[in-house]
Amino acid sequence: MLSPGDLLVIPFDDWVNDFVRGWLVPNFRPAFRAAQVPITLVLNGLDDFFNALPMLLTTGVFALAAWKWAGRSMAIFTLIGFAFIDMIGLWPQTMTTLAMIITSVLFCAVIGIPAGIVAARSDMVWKVLRPVLDIMQTIPSFVYLVPIVMLFGVGMAPGIIATIIFALPPIVRLTNLGIRNVRGDLIEAAQAFGSTGWQMLVDLQIPLAMRTIMAGLNQTLMLALSMVVIAALIGAGGLGLVVNTGLGRLDVGGATAGGVGIVILAIVLDRITQGLGEQNQAETVSLRAVFLNLIRLRGSHRPTGEIRKAG
Amino acid sequence: MPIKLSVRNVFKVFGRKTNAALELLAQGRSKEEILKATGATVGVQDASFDVGEGEIFVVMGLSGSGKSTLVRMLNGLIAPTSGSILIDGDDVASCGRRRLREIRREKIAMVFQHFALFPHWTVAENAAYGLRVKGVQAPERRERALKALDQVGLRAWAESLPSELSGGMQQRVGLARGLATGPEVLLMDEPFGALDPLIRREMQDELLALQKTLRKTIIFITHDLNEALLLGDKIAIMKDGRFVQVGTAQEIVSNPADDYVAAFVADIDRGRVFTAEDVSNDPAAVRLGTDNAEDAMRTMEDLNRNALYVVDDKDNIAGVVTYQDLAAATLDEEAPNPVLEEALITEYPTAAADDQLNALYGAASGGLPIAVTDERDRLVGVVEPEAVFAQLSGDEEEAGEEAPDAATPTETADSPGKERAHA
């Protein structure tokens, strides 16, 4: 049978090889190397910080945060779970993973929220951005691990870059969605009173989209956690490395221990961020209040808390 | 009255082929034909009107008539396809974005059908929104917002969230937000449409009471003709994007421009549209001391009336005399031509010139003519009971000899829609 492949053979793989190896890597390697500097800085800072904190203090802070935003049973789970991680000897790796996750999510937010805002305000931008996000979400991460290693080398920072590529889409999508879903008559009212685009964004769109944006942040966080093991393939440390080492040595116990650590961390982070997002349900929390909430872990009785009960 | 807002030949066509649509419109094609030919929807066609300072101009129409589009063009939320919209000489239709923003901040505020309050802010913060946009500092902003809330009677709720308020209260906040910046023009897009009838009535009265002191230029959109007639100094009736008739409440009710308007007018409460002044006649009072019973009876016969008011030498009303009583008195042979005092009835109904007819039912049913008095209690007119009922039933010929201006057709320069409607 004749097939198109008999007539024409497209050397697609060669083209990509030529593009990446022949042009991208030699010309832009230094630029990409420089781009990972801020990531390395934030990551090292956080890694040192979390590893320097006494285990009991970190656990206490997390348990309090869980209590405030996710309820008492979650606080108890946090205490027991973190104690378990410590007892199976994986505390330092867990803290490294936590630092990696926070770094990834931070950069995802810094890139993704503005991108989502821009996409929400222009249909053109959204049309271009949407397929890009689709590709980022569907392309198997192993595909971009190779060029990442070529461009950035191996280590923690390249692992985080791979994580960012994988975890970025939800925050962009949900920021876009949240802002587009702000009621049309509110936008009209803001315009009728002579708001500038910036005033509308800060006064109205971001606060009202906050809940959706927080849901996106939660999704991004979960995706980042799921990349931990893959990122470890290109030199990122932490719990992912424990799992990979177990895999390499057919050490079932070691791999399981690392896996359990990841699961416990995932549950705790998920519930806390979900609780944070749901607090916006009452539609009363301004941007400032959210950041204050993030900073103030110990719950002084702020009006937002009371409204949450009422709502 | 100086003109505040002047709209000239404004068209709005939604869609791509706006020029083709405008041409077809000029050829007199209908909305449906144009939609078929060009795919463009005609929102508003050839609207022209002037609104004087401190006037309430009501645009009444059913949904899809283009009234919401029209009001949104007045503050540039929707840009007109052609035409000019002058507010104090600034053309909203053609000025730049920056100027438009300034006009919105300084001159023109809007109240929305579904309130459009910001759910994440308190009532006071909502009321202060226009000031916040203008960059007014927080303490002054708050003070002025509280003042505006005071005007609508919601100061006590300043720290509540909009969601804790009832619909009527929410719309008061919407009104306070509109008033706080001290705009000269207030656009109200079916502001009471989402409220239940009792609250709507209350809000209408309140708006009228507020307007007495504020004297804003108000463009009020509604689909309820009763509301339009109650509030409007001038009313425009819109259908398919064009003005069918522009005029005062009385003009529209007593002289509908076409069947469309007539159908609306048919079931409105005429008692709320017309006032004592509209049906009152020349007082033709007789004077105590100078006129005697025979003079009074002759006047009644001439004017075909059953009773006349009697004033004293200081022009104060002394009472009313009826033909029947006078006739009885003259039959008394001892005093063939008695003085008026003998038959004087001193219990008589009175009304102010701007009293609505539905407040006169009781007085009219007593059978005596109603004395229309001015603020110094002087007699300025007389309302015959029959005239009240004739006007209410829509039978104008009987509504008194010099019946209301309203009953005479008016073709004034400021109602251009009317000629078109006839054409």
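The values are calculated or read from the model by the stated rules, or taken from the named source; none is laboratory data. All values reported here derive from a predicted model rather than from experimental measurement. Positions of Cβ are generated from backbone atoms using ideal geometry, with glycine treated the same way; all protein chains shown enter the neighbour counts. Side chains are part of the model used for accessible areas, which takes the heavy atoms of the whole protein and leaves out ligands, DNA and RNA. Shrake-Rupley method; radii C 1.70, N 1.55, O 1.52, S 1.80 Å.
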| request: With a 1.4 Å probe and every protein chain left in place, work out the accessible area per residue of chain B in Å², rounded to a whole number. | output: 45 Å²
| message | Between B:Ala284 and B:Ile3, how high is the FRET efficiency from 1/(1 + (r/R0)^6) when r is the Cβ-Cβ distance and R₀ = 56 Å? Nearest 0.05. | response | 0.90
| So what does B:Asp196 come to for accessible area, using a 1.4 Å probe and Å² rounded to 10? | 90 Å²
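With r as the distance between the Cβ atoms of B:Ala353 and B:Glu202 and R0 = 22 Å, compute the FRET efficiency 1/(1 + (r/R0)^6) and round to 0.05. Don't skip to the answer; put the middle values down first.
On the way: r = 25 Å, r/R0 = 1.15.
Computed FRET efficiency for B:Glu202 and B:Ala353: 0.30.
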| field | Within 10 Å of each Cβ in A:178-184, the average number of Cβ atoms from other chains | value | 1
| query | Okay, which of region A:64-103 sit inside 16 Å, backbone N to the point 7 Å along the Cα-Cβ direction of A:Asp251? | reply | A:88-94
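Compute the FRET efficiency between B:Gln27 and B:Asp269 as 1/(1 + (r/R0)^6), taking r as their Cβ-Cβ distance and R0 = 51 Å, and round to the nearest 0.05.
On the way: r = 41 Å, r/R0 = 0.80.
With a Förster radius of 51 Å, E is 0.80.
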| field | Nitroxide proxy distance, nm - points 7 Å out along Cα→Cβ at A:Val202 and A:Ser122 | value | 2.2 nm
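Across the residues of A:199-205, average count of Cβ atoms on other protein chains within 10 Å?
Working: counts 4, 1, 0, 0, 7, 4, 0.
The shielding value for this peptide is 2.
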| note | Sorted by chain and number, the residues with a modelled amide H under 5 Å from that of B:Lys4, at a separation of 5 or more or across chains, are B:Val51, B:Gly52, B:Glu53
| request: From largest accessible area down, sort B:Asp233, B:Asp354, B:Asp295; use a 1.4 Å probe on the protein chains. | output: B:Asp354, B:Asp233, B:Asp295
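Take peptide B:71-79, look around each residue's Cβ out to 10 angstrom, count Cβ atoms belonging to other protein chains, and average those counts. Write out the running numbers ahead of the final one.
Numbers: counts 0, 3, 0, 0, 5, 3, 5, 1, 0.
Whole-number average of other-chain Cβ neighbours for B:71-79 is 2.
Using 0.36 nm per residue of separation minus the Cα-Cα distance, give me the extension gain between B:Thr346 and B:Arg97 in nm, one decimal. Don't skip to the end; give the middle numbers.
Numbers: separation 249, 0.36 × 249 = 89.64 nm, distance 6.73 nm.
Difference between extended and current length: 82.9 nm.
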| field | Interface area, B with A, accessible, probe 1.4 Å, both sides summed, Å² nearest 100 | value | 2000 Å²
| query | Based on DSSP, what percent of beta bridges with both residues in region B:277-402 are antiparallel, to the nearest 5? | reply | 70 percent
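For region A:57-299, what is the accessible area per residue in Å² when the probe is 1.4 Å? Intermediate values should be presented prior to the final figure.
Working: 10140 Å² over 243 residues.
Normalised by residue count, the accessible surface of region A:57-299 is 42 Å².
From the cross-link list B:Lys31/B:Lys134; B:Lys12/B:Lys216; B:Lys4/B:Lys212; B:Lys147/B:Lys212, which pairs have alpha carbons spaced over 29 Å apart? Present the calculation step by step, with values, prior to reporting the outcome.
On the way: B:Lys31/B:Lys134 40 Å; B:Lys12/B:Lys216 27 Å; B:Lys4/B:Lys212 18 Å; B:Lys147/B:Lys212 17 Å.
Result: B:Lys31/B:Lys134 exceed 29 Å.
Show me the ranking of peptides B:377-390, B:22-35 by mean Cβ neighbours inside 10 Å, starting with the highest. Could the numbers behind the result be given before it?
Numbers: B:377-390: 20.7, B:22-35: 15.1.
The peptides rank, most packed first, as B:377-390, B:22-35.
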| Nitroxide proxy distance, nm - points 7 Å out along Cα→Cβ at A:Leu7 and A:Glu278 | 5.9 nm
| query | Bin by bin, in steps of 5 Å, what percent of the Cα pairs in region B:1-88 do you find, going until the bin that has the longest distance? | reply | 3, 14, 24, 23, 18, 10, 5, 3, 0
| message | Using a 1.4 Å probe on the protein heavy atoms only, what accessible surface does B:His223 show? Give it in Å² to the nearest 10. | response | 90 Å²
| Of the listed peptides A:248-256, B:299-307, A:222-230, what is their order by residue-averaged count of other C-beta atoms within 10 Å, with the highest listed first? | A:222-230, B:299-307, A:248-256
| field | Spacing of the two label points (7 Å from each Cα toward its C-beta) at B:Tyr361 and A:Phe19, in nm | value | 8.3 nm
| query | Tell me, what % of the accessible area of region A:57-299 is carbon and sulfur with a 1.4 angstrom probe? | reply | 70 percent
| task | Pick out, from A:Ile179, A:Phe166, A:Ala66, the residue whose Cα sits farthest towards the positive end of the charge dipole of region A:57-299, with +1 on the Cβ of Lys and Arg and -1 on the Cβ of Asp and Glu. | result | A:Ala66
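Normalising by the residue count of region B:277-402, find the relative contact order in percent from Cα pairs under 8 Å and 6+ residues apart. Present the calculation step by step, with values, prior to reporting the outcome.
Working: 216 pairs, mean separation 34.8, N = 126.
Contact order relative to length: 28 percent.
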| said: Compute accessible area for region B:96-120 by itself and then with all protein chains, 1.4 Å probe, and report residues whose area falls by 30 Å² or more. | reply: B:Arg101, B:Arg104, B:Arg105, B:Phe112, B:Ala116, B:Phe118, B:Pro119, B:His120
